[in-house]
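Each value in this text was obtained by applying a stated rule to the coordinates, not by laboratory testing. Just so it is clear, the model here is predicted, and its values are computed rather than measured. Virtual Cβ from ideal backbone geometry, glycine too; neighbours counted across all protein chains shown.
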Amino acid sequence: MPLRLDTPAPAWAPLSVLALSAHPDDVEIAAGGLLLDLAARRPGLRVKYVVLSGGPERQQEARAAARAFTFGADLQVELHDLPDGRFPTAWNQVKDILERSARSFNPDIILTPSAADAHQDHRTVGELVPTAFRDQLCLSYEIPKWDGDAPRPNVYFPMTEETAKRKAELLDKCYPSQLSRDWWGADTFLALARLRGVECRARYAEAFTCSKMVIT
């Protein structure tokens with residue numbers, strides 16, 4: 001039997017989310033539907049975006065995406081320009097960024113890359129998140145890629161068809177620099193969402209892994 005839990009804060013209370021991305025577009029690909037739904041349904045939602053890499057064009061896209069996916073929320077956006085594909089060699093810088101975020105922002109939920117992700121940048125962030133954050137619900141997200149590293153998720157967010165298609169539409173709109181990539185497109189995003197929906201008896205869903213949860 002599936003265990004259904006509400007978000008950590010009561011429906012009437014403000015909820016805070018830390019959205020971590022190694023690269024612009026990571027968190028929207030993986031959890032854009034969840035962000036859209038929270039922004040629409042949770043009054044007083046607070047969101048902090050931390051994007052660890054990206055040049056000026058990609059950073060501009062990331063700002064636009066953060067605003068679009070969290071429309072109406074109290075939003076902070078923090079952008080960095082660590083070297084793409086080289087995060088293991090920037091280990092100290094990644095850790096410093098995460099620890100500063102932990103000191104300045106106390107989220108209810110953290111959306112983070114997975115420590116089991118095949119991409120070295122995602123994996124580095126995922127490995128370091130637990131060293132900086134101890135008392136938050138951490139949801140490790142998945143990103144489709146050539147490496148074929150799909151996880152076995154244990155947390156699902158069911159999406160309506162409207163939300164799933166809106167997510168795909170906003171990804172194209174906010175990240176025009178990625179439209180030429182052979183894997184990018186609504187067909188990819190909706191196919192993965194449909195598969196995850198099958199796993200939780202929904203039409204579409206986003207999926208996460210959670211290594212530890214404390215029920216109080």
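A few comments on the model shown:
- The DSSP beta bridges internal to the stretch 16-209 are antiparallel in roughly 25% of cases.
- Over all pairs of different C-alpha atoms, the stretch 87-128 has a mean inverse distance whose reciprocal, the Kirkwood radius, equals 10.7 Å.
- The longest part of the chain holding none of the exposed loop chymotrypsin sites (Phe, Trp or Tyr not before Pro), meaning those outside H, G, I, E and B in DSSP with at most 14 other Cβ atoms within 10 Å, is 72-145.
- Residue (of Leu179, Thr163, Tyr49) at the positive-pole extreme of the stretch 16-209, dipole from beta-carbon charges: Thr163
- Paramagnetic label zone (point 7 Å from Cα along Cα-to-C-beta, Asp182; backbone N under 12 Å) in the stretch 130-152: 146
- Among the listed pairs Lys145/Lys173; Lys95/Lys165; Lys167/Lys212, those with a Cα-Cα distance over 26 Å are Lys95/Lys165; Lys167/Lys212.
- The base-10 log of I(q)/I(0) for the stretch 78-158, evaluated at q = 0.23 Å⁻¹, reads -1.20 [Debye formula, identical scatterers on Cα atoms, solvent excluded].
- Long hydrophobic helices in the chain: the complete DSSP H runs spanning 15 Å or more by Cα along their own axis with mean Kyte-Doolittle hydropathy of at least -0.5 are 26-41, 186-199.
- The stretch 163-208: trypsin sites (Lys or Arg not before Pro) in DSSP loop, at most 10 other beta carbons within 10 Å: Arg181, Arg201
- Potential lengthening between Arg100 and Glu199 on full extension [0.36 nm per residue; Cα-Cα distance subtracted]: 32.0 nm
- Shape parameters for the stretch 164-215, alpha-carbon atoms, Rg then Dmax in Å: 13.7, 44
- Given the alternatives (i) 29, 22, 15; (ii) 26, 22, 17; (iii) 22, 21, 18, semi-axes √(5λ) of the Cα gyration tensor in Å as computed for this entry is given by (iii).
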